[in-house]
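Notes follow the structure.
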Amino acid sequence: MDNLYKQVARTIAANRPCVVLSGAGISAESGIPTFRSKGGLWDKYDPAVYASIEVFNRDPSRYWSIRGEFIRNYHELKPNPAHTAIADLEKSGFISQVITQNIDGLHKKAGSLNVIEMHGSLREIFCLVCRREYLAPEVPEGMPPLCQCGGVLKPNTVLFGEPLPPVALESAYQAAMTCGSMLVIGTSAVVYPAAALPGLAKQHGAFIVEINIEKAFADADAIIQEKAGIALPLLAAEIKALADMRIEEGELS
Ligand code: NAD
(Lines give C-alpha, C1' and ligand atoms only; values in the text may rest on other atoms or scores of the structure.)
Protein backbone atom coordinates (compact mmCIF):
# COMPACT_ATOMS: atom_id res chain seq x y z
CA MET A 1 0.00 0.00 0.00
CA ASP A 2 2.82 2.38 0.95
CA ASN A 3 4.40 1.69 -2.41
CA LEU A 4 1.20 2.54 -4.24
CA TYR A 5 1.11 6.04 -2.69
CA LYS A 6 4.80 6.56 -3.52
CA GLN A 7 4.31 5.37 -7.12
CA VAL A 8 1.26 7.57 -7.65
CA ALA A 9 3.06 10.54 -6.06
CA ARG A 10 5.98 10.06 -8.44
CA THR A 11 3.66 9.82 -11.44
CA ILE A 12 1.76 12.96 -10.48
CA ALA A 13 4.95 14.92 -9.87
CA ALA A 14 6.26 13.80 -13.27
CA ASN A 15 3.03 14.44 -15.17
CA ARG A 16 2.01 17.99 -14.49
CA PRO A 17 -0.28 19.79 -14.57
CA CYS A 18 -2.48 17.58 -12.44
CA VAL A 19 -6.22 18.19 -12.60
CA VAL A 20 -8.74 16.93 -10.05
CA LEU A 21 -12.21 15.75 -10.96
CA SER A 22 -14.28 15.31 -7.80
CA GLY A 23 -17.75 14.01 -7.08
CA ALA A 24 -20.07 13.55 -4.13
CA GLY A 25 -17.81 10.91 -2.51
CA ILE A 26 -15.17 13.50 -1.56
CA SER A 27 -17.71 15.24 0.66
CA ALA A 28 -19.09 12.06 2.25
CA GLU A 29 -16.67 12.50 5.17
CA SER A 30 -18.01 16.04 5.66
CA GLY A 31 -21.34 14.40 6.42
CA ILE A 32 -22.99 15.10 3.06
CA PRO A 33 -24.69 12.00 1.66
CA THR A 34 -23.74 10.99 -1.87
CA PHE A 35 -26.36 10.36 -4.52
CA ARG A 36 -26.43 6.70 -3.79
CA SER A 37 -25.87 6.64 -0.01
CA LYS A 38 -28.27 4.40 1.86
CA GLY A 39 -30.59 6.59 3.94
CA GLY A 40 -29.31 9.76 2.22
CA LEU A 41 -31.49 12.48 0.76
CA TRP A 42 -31.63 10.94 -2.68
CA ASP A 43 -32.52 7.53 -1.31
CA LYS A 44 -35.81 9.10 -0.21
CA TYR A 45 -36.40 11.57 -3.03
CA ASP A 46 -35.81 10.79 -6.68
CA PRO A 47 -33.39 13.52 -7.84
CA ALA A 48 -34.70 13.25 -11.39
CA VAL A 49 -38.03 14.47 -10.01
CA TYR A 50 -37.18 16.67 -7.02
CA ALA A 51 -34.11 18.25 -8.58
CA SER A 52 -35.48 18.75 -12.09
CA ILE A 53 -36.02 22.16 -13.66
CA GLU A 54 -39.39 21.04 -14.92
CA VAL A 55 -40.66 20.35 -11.38
CA PHE A 56 -38.95 23.51 -10.07
CA ASN A 57 -40.74 25.68 -12.61
CA ARG A 58 -44.09 24.05 -11.83
CA ASP A 59 -43.75 23.98 -8.03
CA PRO A 60 -40.56 25.52 -6.54
CA SER A 61 -41.71 24.71 -3.01
CA ARG A 62 -41.21 21.02 -3.75
CA TYR A 63 -37.52 21.66 -4.38
CA TRP A 64 -37.15 24.10 -1.47
CA SER A 65 -38.84 21.68 0.94
CA ILE A 66 -35.91 19.27 0.56
CA ARG A 67 -33.07 21.71 -0.18
CA GLY A 68 -33.95 24.62 2.11
CA GLU A 69 -32.50 23.06 5.25
CA PHE A 70 -29.16 22.33 3.55
CA ILE A 71 -28.92 25.93 2.33
CA ARG A 72 -29.90 27.40 5.72
CA ASN A 73 -27.20 25.24 7.36
CA TYR A 74 -24.63 26.05 4.67
CA HIS A 75 -22.24 27.77 7.10
CA GLU A 76 -22.02 24.55 9.14
CA LEU A 77 -20.61 22.51 6.25
CA LYS A 78 -16.89 21.97 6.75
CA PRO A 79 -14.25 20.77 4.29
CA ASN A 80 -12.56 17.50 5.30
CA PRO A 81 -8.86 16.48 5.04
CA ALA A 82 -9.35 15.50 1.37
CA HIS A 83 -10.44 19.03 0.37
CA THR A 84 -7.63 20.53 2.45
CA ALA A 85 -4.95 18.26 0.94
CA ILE A 86 -6.08 19.27 -2.56
CA ALA A 87 -5.93 22.97 -1.67
CA ASP A 88 -2.40 22.45 -0.28
CA LEU A 89 -1.31 20.65 -3.47
CA GLU A 90 -2.60 23.59 -5.51
CA LYS A 91 -0.62 26.04 -3.35
CA SER A 92 2.55 23.99 -3.84
CA GLY A 93 2.03 23.91 -7.63
CA PHE A 94 1.17 20.25 -8.14
CA ILE A 95 -2.53 20.69 -8.85
CA SER A 96 -3.52 23.30 -11.41
CA GLN A 97 -7.28 22.93 -11.51
CA VAL A 98 -10.15 21.38 -9.58
CA ILE A 99 -13.23 20.41 -11.55
CA THR A 100 -16.07 19.43 -9.26
CA GLN A 101 -19.55 18.13 -9.79
CA ASN A 102 -20.38 19.06 -6.21
CA ILE A 103 -22.61 21.96 -5.30
CA ASP A 104 -21.49 22.15 -1.67
CA GLY A 105 -18.74 24.75 -2.21
CA LEU A 106 -16.30 22.81 0.01
CA HIS A 107 -13.29 23.01 -2.34
CA LYS A 108 -13.46 26.81 -2.20
CA LYS A 109 -14.04 26.77 1.57
CA ALA A 110 -10.87 24.65 1.89
CA GLY A 111 -8.86 27.27 0.01
CA SER A 112 -8.68 25.91 -3.55
CA LEU A 113 -8.60 28.87 -5.94
CA ASN A 114 -8.94 27.38 -9.41
CA VAL A 115 -12.25 25.60 -9.08
CA ILE A 116 -14.72 24.88 -11.85
CA GLU A 117 -18.08 24.13 -10.24
CA MET A 118 -19.63 22.32 -13.21
CA HIS A 119 -23.04 22.03 -11.61
CA GLY A 120 -22.95 25.40 -9.88
CA SER A 121 -23.18 25.94 -6.13
CA LEU A 122 -25.78 26.26 -3.39
CA ARG A 123 -23.76 29.21 -2.06
CA GLU A 124 -25.44 31.69 -4.39
CA ILE A 125 -29.18 32.06 -4.76
CA PHE A 126 -30.76 34.27 -7.42
CA CYS A 127 -34.11 35.90 -7.88
CA LEU A 128 -35.56 34.69 -11.15
CA VAL A 129 -37.21 38.09 -11.71
CA CYS A 130 -34.76 40.86 -10.68
CA ARG A 131 -31.54 38.70 -10.48
CA ARG A 132 -30.78 39.98 -6.95
CA GLU A 133 -28.23 37.64 -5.37
CA TYR A 134 -28.54 36.17 -1.88
CA LEU A 135 -25.67 34.28 -0.24
CA ALA A 136 -26.35 31.09 1.74
CA PRO A 137 -27.27 30.76 4.55
CA GLU A 138 -29.13 34.10 4.20
CA VAL A 139 -32.37 33.07 2.55
CA PRO A 140 -35.72 34.73 3.28
CA GLU A 141 -38.34 32.70 5.18
CA GLY A 142 -41.31 31.32 3.25
CA MET A 143 -42.06 28.33 1.12
CA PRO A 144 -40.81 28.84 -1.46
CA PRO A 145 -38.62 31.70 -0.25
CA LEU A 146 -39.28 34.85 -2.26
CA CYS A 147 -37.13 37.84 -3.13
CA GLN A 148 -37.98 41.31 -1.80
CA CYS A 149 -39.46 41.96 -5.26
CA GLY A 150 -41.75 38.92 -4.93
CA GLY A 151 -39.81 36.80 -7.43
CA VAL A 152 -39.04 33.12 -6.86
CA LEU A 153 -35.51 32.35 -5.63
CA LYS A 154 -33.42 29.60 -7.22
CA PRO A 155 -29.98 28.40 -6.13
CA ASN A 156 -27.26 28.81 -8.72
CA THR A 157 -27.13 25.08 -9.43
CA VAL A 158 -27.76 23.09 -12.59
CA LEU A 159 -30.96 21.10 -12.15
CA PHE A 160 -31.77 17.99 -14.17
CA GLY A 161 -32.96 19.13 -17.59
CA GLU A 162 -30.90 22.35 -17.54
CA PRO A 163 -27.83 22.92 -19.71
CA LEU A 164 -24.44 23.30 -18.02
CA PRO A 165 -22.93 26.81 -18.02
CA PRO A 166 -21.01 26.87 -21.34
CA VAL A 167 -17.95 28.65 -19.90
CA ALA A 168 -17.56 26.06 -17.11
CA LEU A 169 -18.01 23.22 -19.57
CA GLU A 170 -15.48 24.60 -22.06
CA SER A 171 -12.92 25.27 -19.29
CA ALA A 172 -13.38 21.73 -17.94
CA TYR A 173 -12.84 20.21 -21.41
CA GLN A 174 -9.73 22.35 -21.92
CA ALA A 175 -8.30 21.34 -18.54
CA ALA A 176 -8.96 17.65 -19.27
CA MET A 177 -7.36 17.82 -22.72
CA THR A 178 -4.20 19.55 -21.52
CA CYS A 179 -3.43 17.90 -18.17
CA GLY A 180 -0.61 15.44 -17.60
CA SER A 181 -2.46 13.55 -14.91
CA MET A 182 -5.97 13.48 -13.48
CA LEU A 183 -7.11 12.50 -10.00
CA VAL A 184 -10.67 11.20 -10.25
CA ILE A 185 -12.05 11.31 -6.70
CA GLY A 186 -15.32 10.04 -5.27
CA THR A 187 -17.40 9.99 -8.40
CA SER A 188 -19.44 7.12 -9.81
CA ALA A 189 -18.63 8.60 -13.25
CA VAL A 190 -22.14 8.15 -14.60
CA VAL A 191 -23.47 11.74 -14.75
CA TYR A 192 -22.52 13.30 -18.11
CA PRO A 193 -20.82 15.39 -19.33
CA ALA A 194 -18.53 15.28 -16.23
CA ALA A 195 -18.25 11.51 -16.58
CA ALA A 196 -16.62 11.97 -20.01
CA LEU A 197 -13.70 14.01 -18.65
CA PRO A 198 -11.42 11.17 -17.43
CA GLY A 199 -11.80 9.40 -20.80
CA LEU A 200 -11.05 12.64 -22.64
CA ALA A 201 -7.97 13.27 -20.49
CA LYS A 202 -6.76 9.72 -21.09
CA GLN A 203 -7.25 10.02 -24.87
CA HIS A 204 -4.98 13.08 -24.71
CA GLY A 205 -2.28 11.15 -22.91
CA ALA A 206 -2.98 11.89 -19.24
CA PHE A 207 -2.31 9.37 -16.49
CA ILE A 208 -5.55 8.66 -14.60
CA VAL A 209 -5.61 7.89 -10.89
CA GLU A 210 -8.90 6.97 -9.28
CA ILE A 211 -9.49 7.47 -5.53
CA ASN A 212 -12.71 5.82 -4.48
CA ILE A 213 -13.93 3.29 -1.93
CA GLU A 214 -14.96 1.17 -4.92
CA LYS A 215 -13.71 1.08 -8.49
CA ALA A 216 -15.99 3.18 -10.69
CA PHE A 217 -13.90 4.30 -13.68
CA ALA A 218 -12.93 1.31 -15.79
CA ASP A 219 -9.96 2.92 -17.58
CA ALA A 220 -7.97 4.22 -14.59
CA ASP A 221 -4.20 3.63 -14.75
CA ALA A 222 -4.02 3.32 -10.96
CA ILE A 223 -6.62 3.01 -8.26
CA ILE A 224 -6.37 3.89 -4.59
CA GLN A 225 -9.31 2.11 -3.08
CA GLU A 226 -9.71 4.12 0.10
CA LYS A 227 -11.76 6.91 1.64
CA ALA A 228 -10.79 10.24 0.11
CA GLY A 229 -10.23 11.80 3.56
CA ILE A 230 -7.59 9.18 4.29
CA ALA A 231 -6.02 8.79 0.83
CA LEU A 232 -5.53 12.45 -0.12
CA PRO A 233 -3.49 13.51 2.96
CA LEU A 234 -1.28 10.41 2.53
CA LEU A 235 -0.77 11.13 -1.16
CA ALA A 236 -0.10 14.82 -0.51
CA ALA A 237 2.51 13.88 2.12
CA GLU A 238 4.29 11.61 -0.40
CA ILE A 239 4.26 14.34 -3.06
CA LYS A 240 5.63 16.86 -0.56
CA ALA A 241 8.35 14.42 0.56
CA LEU A 242 9.34 13.95 -3.09
CA ALA A 243 9.48 17.70 -3.68
CA ASP A 244 11.57 18.22 -0.51
CA MET A 245 13.97 15.48 -1.65
CA ARG A 246 14.36 17.13 -5.05
CA ILE A 247 15.04 20.51 -3.46
CA GLU A 248 17.74 18.91 -1.29
CA GLU A 249 19.24 17.29 -4.37
CA GLY A 250 19.15 20.64 -6.19
CA GLU A 251 16.65 19.34 -8.74
CA LEU A 252 14.28 22.28 -8.57
CA SER A 253 11.64 22.02 -11.27
P1 NAD B 1 -22.37 9.57 -6.80
O2 NAD B 1 -23.20 9.64 -5.55
O3 NAD B 1 -22.99 9.02 -8.02
O4 NAD B 1 -21.08 8.68 -6.51
C5 NAD B 1 -20.33 8.83 -5.33
C6 NAD B 1 -19.05 8.04 -5.48
O7 NAD B 1 -18.26 8.31 -4.35
C8 NAD B 1 -19.26 6.52 -5.52
O9 NAD B 1 -18.49 5.99 -6.58
C10 NAD B 1 -18.75 6.04 -4.15
O11 NAD B 1 -18.15 4.77 -4.23
C12 NAD B 1 -17.73 7.11 -3.84
N13 NAD B 1 -17.50 7.34 -2.41
C14 NAD B 1 -18.39 7.34 -1.38
N15 NAD B 1 -17.80 7.67 -0.23
C16 NAD B 1 -16.49 7.91 -0.53
C17 NAD B 1 -15.37 8.31 0.24
N18 NAD B 1 -15.45 8.55 1.56
N19 NAD B 1 -14.18 8.47 -0.39
C20 NAD B 1 -14.06 8.25 -1.73
N21 NAD B 1 -15.09 7.85 -2.51
C22 NAD B 1 -16.29 7.70 -1.91
O23 NAD B 1 -21.82 11.05 -7.04
P24 NAD B 1 -21.29 11.78 -8.36
O25 NAD B 1 -20.52 10.82 -9.21
O26 NAD B 1 -20.68 13.03 -7.90
O27 NAD B 1 -22.53 12.16 -9.28
C28 NAD B 1 -23.77 12.44 -8.82
C29 NAD B 1 -24.28 13.91 -8.88
O30 NAD B 1 -24.67 14.17 -7.55
C31 NAD B 1 -23.34 15.02 -9.23
O32 NAD B 1 -23.93 15.70 -10.28
C33 NAD B 1 -23.35 15.97 -8.00
O34 NAD B 1 -23.63 17.28 -8.42
C35 NAD B 1 -24.52 15.53 -7.19
N36 NAD B 1 -24.32 15.49 -5.72
C37 NAD B 1 -23.51 16.41 -5.11
C38 NAD B 1 -23.31 16.36 -3.74
C39 NAD B 1 -22.43 17.41 -3.11
O40 NAD B 1 -22.37 18.54 -3.59
N41 NAD B 1 -21.72 17.07 -2.03
C42 NAD B 1 -23.91 15.36 -2.98
C43 NAD B 1 -24.75 14.42 -3.64
C44 NAD B 1 -24.94 14.51 -5.02
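The values are calculated or read from the model by the stated rules, or taken from the named source; none is laboratory data. Quantities reported herein were computed from a predicted structural model and do not represent experimental measurements. Here Cβ is always computed from backbone atoms with ideal geometry, including for glycine, and neighbour counts include all displayed protein chains.
Which one is modelled with the lowest pLDDT among residues in the range 30-45 that are in contact with a helix residue (DSSP H, G or I) (Cβ under 8 Å, 6 or more places away or on another chain) and surrounded by fewer than 15 Cβ atoms within 10 Å (Cβ to Cβ)? This residue is Ser37. In the range 13-43, the residue that is farthest from the ligand (Cβ to nearest atom) out of those that are over 21 Å from Gln101 (Cβ atoms) and assigned to a helix (DSSP H, G or I) is Ala14. Of all the listed residues (Ser112, Ser92), the sole one being surrounded by fewer than 21 Cβ atoms within 10 Å (Cβ to Cβ) and either more than 13 Å from the ligand (Cβ to nearest atom) or closer than 15 Å to Ala236 by Cα (or both) is Ser92.
Residues of the range 46-89 being buried (at least 17 other Cβ atoms within 10 Å of the Cβ) and of a type in the set (S, T, N, Q), which ones?
Matches in the range 46-89: Ser52, Asn80, Thr84.
Yes/no per residue for (1) of a type outside the set (A, V, I, L, M); (2) under 12 Å from Val8 (Cα atoms); (3) not assigned by TED's automatic domain parsing to the domain that holds Cys179:
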site: His204; (1), (2), (3): yes, no, no
site: Phe207; (1), (2), (3): yes, yes, no
site: Asn212; (1), (2), (3): yes, no, no
site: Ala216; (1), (2), (3): no, no, no
site: Ile223; (1), (2), (3): no, yes, no
site: Leu232; (1), (2), (3): no, yes, no
site: Ala236; (1), (2), (3): no, yes, no
site: Lys240; (1), (2), (3): yes, no, no
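Identify all residues within the range 102-151 that are under 25 Å from the mean Cα position of the chain (by Cα) and among the basic types (Lys, Arg); write none if there are none. Passing the criteria: Lys108, Lys109, Arg123. Residues of the range 149-171 that are more than 16 Å from the ligand (Cβ to nearest atom) and surrounded by fewer than 15 Cβ atoms within 10 Å (Cβ to Cβ): Cys149, Gly150, Pro166, Val167, Glu170. So which residues in the range 12-56 are polar (S, T, N, Q), in the same structural domain as Leu234 (by TED's automatic domain parsing) and touching a strand residue (DSSP E or B) at 6+ places or on another chain (Cβ under 7 Å), if there are any at all? If the condition is that a residue be polar (S, T, N, Q), in the same structural domain as Leu234 (by TED's automatic domain parsing) and touching a strand residue (DSSP E or B) at 6+ places or on another chain (Cβ under 7 Å), then Asn15, Ser22 are the ones that fit.
Residue-level check: of (1) hydrophobic (A, V, I, L, M, F, W, C); (2) within 17 Å of Ser27 (Cβ to Cβ); (3) in a loop (DSSP other than H, G, I, E, B); (4) touching a helix residue (DSSP H, G or I) at 6+ places or on another chain (Cβ under 9 Å), Leu232 misses just (3).
Please indicate, with yes or no, whether at least one residue in the range 87-101 is without any contact (Cβ under 8 Å) to a residue 40 or more places away in the chain and under 22 Å from Ser52 (Cα atoms). Checking the range 87-101: not a single residue is without any contact (Cβ under 8 Å) to a residue 40 or more places away in the chain and under 22 Å from Ser52 (Cα atoms).
Quick one: in the range 172-198, which of the residues that are part of a loop (DSSP other than H, G, I, E, B) and near the ligand (Cβ under 7 Å from one of its atoms) is surrounded by the fewest Cβ atoms within 10 Å (Cβ to Cβ)?
Our first condition is that a residue be part of a loop (DSSP other than H, G, I, E, B); within the range 172-198, this holds for 179-180, 186-193.
Narrowing the set further to residues that are near the ligand (Cβ under 7 Å from one of its atoms) leaves 186-191.
Numbers: Gly186: 28, Thr187: 27, Ser188: 17, Ala189: 22, Val190: 11, Val191: 16.
Going through the qualifying residues, I end up with Val190.
Hey, does the range 128-148 have a residue that's crowded, with 16+ Cβ neighbours inside 10 Å, in a strand (DSSP E or B) and not assigned by TED's automatic domain parsing to the domain that holds Gly68? No, there is no match, as no residue in the range 128-148 is crowded, with 16+ Cβ neighbours inside 10 Å, in a strand (DSSP E or B) and not assigned by TED's automatic domain parsing to the domain that holds Gly68.
The set of residues in the range 47-87 that are within 16 Å of the ligand (Cβ to nearest atom) and touching a Gly at 6+ places or on another chain (Cβ under 6 Å) comprises Ser52, Ile53, Asn80, Pro81, Ala82.
Restrict the check to the range 229-237 and report whether at least one residue is more than 17 Å from His119 (Cα to Cα), away from the ligand (no atom under 16 Å from the Cβ) and of a type outside the set (Asp, Glu). Lay out the reasoning, then the answer.
At the first step, the residues of the range 229-237 found to be more than 17 Å from His119 (Cα to Cα) are 229-237.
Checking the rest, the ones that are also away from the ligand (no atom under 16 Å from the Cβ) come to 237.
Right, trim to of a type outside the set (Asp, Glu) and you get 237.
Yes: one or more hits.
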